[in-house]
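Asks: One structure coming up, written as structure tokens, with questions to follow.
The values are calculated or read from the model by the stated rules, or taken from the named source; none is laboratory data. These numbers were taken from a predicted model, which means no experiment stands behind them. Every residue, glycine as well, gets a Cβ built from its backbone with ideal geometry; the counts of neighbours run over all protein chains shown.
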Amino acid sequence: MRRKFVAGNWKMHGLKAQLKEIESIAATATAKPGVDVAICVPFTLIAPAVAAVPGFAIGAQDVHESGSGAHTGCISAEMLKEAGATLVIVGHSERRADQHETSHDAWAKAAAARAAGLHVILCCGETEEERDAGETDRVVAAQIAEIPSDARGDWLTIAYEPRWAIGTGKTPTEAEIAATHGAIRAKVQELAGADAADTIRILYGGSMNPANAAAILALSDVDGGLVGGASLTAEKFVPIIEAAAG
């Protein structure tokens, strides 16, 4: 049985004044030991957040595939680890769109993070035009095609985030979410085997909130959520954690 995993993505939000929100979220996570909870914060907040909530999982939102070098403004996996991060998001739809990152880039970053001992949340998902054209399964399969044959859930989580649902308040139907998660798991099994399919958690990301979380988290093959705006406050994020706890 895969444990539910709820991860918050603060994106470009958060100053030290907001650490009190993480403290409140961490308190709930401690009270719900059956659910794994993490918050991925801007680089500048990683060390302060780790100091504020010892033992709670703090992650980053991106990483560079190189260990060091002439990469102005980039952060290596070892730097993240030294700051106290235990996980990192790669391939988020906003970076694919705004920074023109490819799936190959995402998997290169995943390999670097894995080598440093960080857990990886790798994102995949289609545009609205691709969904309307019936291309969702093909697009998502292509985005996870570079999964290594020895991938397992102890270091890798996949997040399905339809790109048109990010921050829009729109979500696929429950049947569409379940079908896509099932297709992702089947593709993982095809590429990396049954152990990978059994252990790698698949999160749903895309306008998850307290109102829809319970229904989405109850769907087949949905192992948790990657939550954006609703993770910025304990008031909105705690109910999602509670929904995951059942």
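Asks: I need the full set of residues from segment 115-143 which are surrounded by fewer than 22 Cβ atoms within 10 Å (Cβ to Cβ), touching a residue at least 24 places away in the same chain (Cβ under 8 Å) and not aliphatic (A, V, I, L, M), in order please.
Replies: 117, 119, 127, 128, 131, 136, 137
The rows are residues; the columns are (1) closer than 20 Å to residue 243 by Cβ; (2) among the aliphatic types (A, V, I, L, M); (3) within 20 Å of the chain's Cα centre (by Cα).
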site	(1), (2), (3)
5	yes, no, yes
16	no, no, no
26	yes, yes, yes
29	yes, yes, yes
33	yes, no, yes
57	yes, yes, yes
61	no, no, yes
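Asks: Could you list all residues from segment 197-215 that are in a helix (DSSP H, G or I), surrounded by fewer than 22 Cβ atoms within 10 Å (Cβ to Cβ) and among the hydrophobic types (A, V, I, L, M, F, W, C)? Spell out the reasoning first.
Replies: Step one: filter segment 197-215 for residues in a helix (DSSP H, G or I), giving 197-199, 213-215.
From the residues that got through so far, the ones that are surrounded by fewer than 22 Cβ atoms within 10 Å (Cβ to Cβ) too are 197-199, 214-215.
Passing the criteria: 197, 214, 215.
Rundown of residues vs (1) without any contact (Cβ under 8 Å) to a residue 40 or more places away in the chain; (2) among the hydrophobic types (A, V, I, L, M, F, W, C); (3) on the phi > 0 side of the Ramachandran plot, yes/no style:
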| residue | (1), (2), (3) |
| --- | --- |
| 169 | yes, no, yes |
| 175 | yes, yes, no |
| 183 | no, yes, no |
| 188 | no, yes, no |
| 192 | no, yes, no |
| 203 | no, yes, no |
| 217 | no, yes, no |
| 222 | no, yes, no |
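Asks: I'm trying to understand the selection: among the residues of segment 152-173, which are over 22 Å from residue 110 (Cα atoms), surrounded by 15 or more Cβ atoms within 10 Å (Cβ to Cβ) and not aliphatic (A, V, I, L, M)?
Replies: 164, 171, 172
Asks: Are there any pairs, at least 6 apart or on different chains, whose C-beta atoms fall under 6 Å, with the first in segment 82-105 and on the phi > 0 side of the Ramachandran plot and the second modelled with pLDDT of 95 or more and outside any helix (DSSP H, G or I), and if so, which?
Replies: These pairs meet every condition: 91/122; 91/123.
Asks: Here is a further query. Is it the case that some residue within segment 131-151 is out of contact with any Gly (no Cβ under 6 Å at 6 or more places or on another chain), under 26 Å from residue 210 (Cα atoms), among the hydrophobic types (A, V, I, L, M, F, W, C) and modelled with pLDDT of 95 or more?
Replies: No, there is no match, as no residue in segment 131-151 is out of contact with any Gly (no Cβ under 6 Å at 6 or more places or on another chain), under 26 Å from residue 210 (Cα atoms), among the hydrophobic types (A, V, I, L, M, F, W, C) and modelled with pLDDT of 95 or more.
Asks: Which count do you get for residues in segment 25-53 that are among the hydroxyl-bearing types (Ser, Thr, Tyr) and loosely packed, with under 15 Cβ neighbours inside 10 Å? Spell out the reasoning first.
Replies: Taking segment 25-53 and keeping what is among the hydroxyl-bearing types (Ser, Thr, Tyr), we get 28, 30, 44.
If we keep only those that are loosely packed, with under 15 Cβ neighbours inside 10 Å too, we end up with 30, 44.
Number satisfying all stated conditions: 2.
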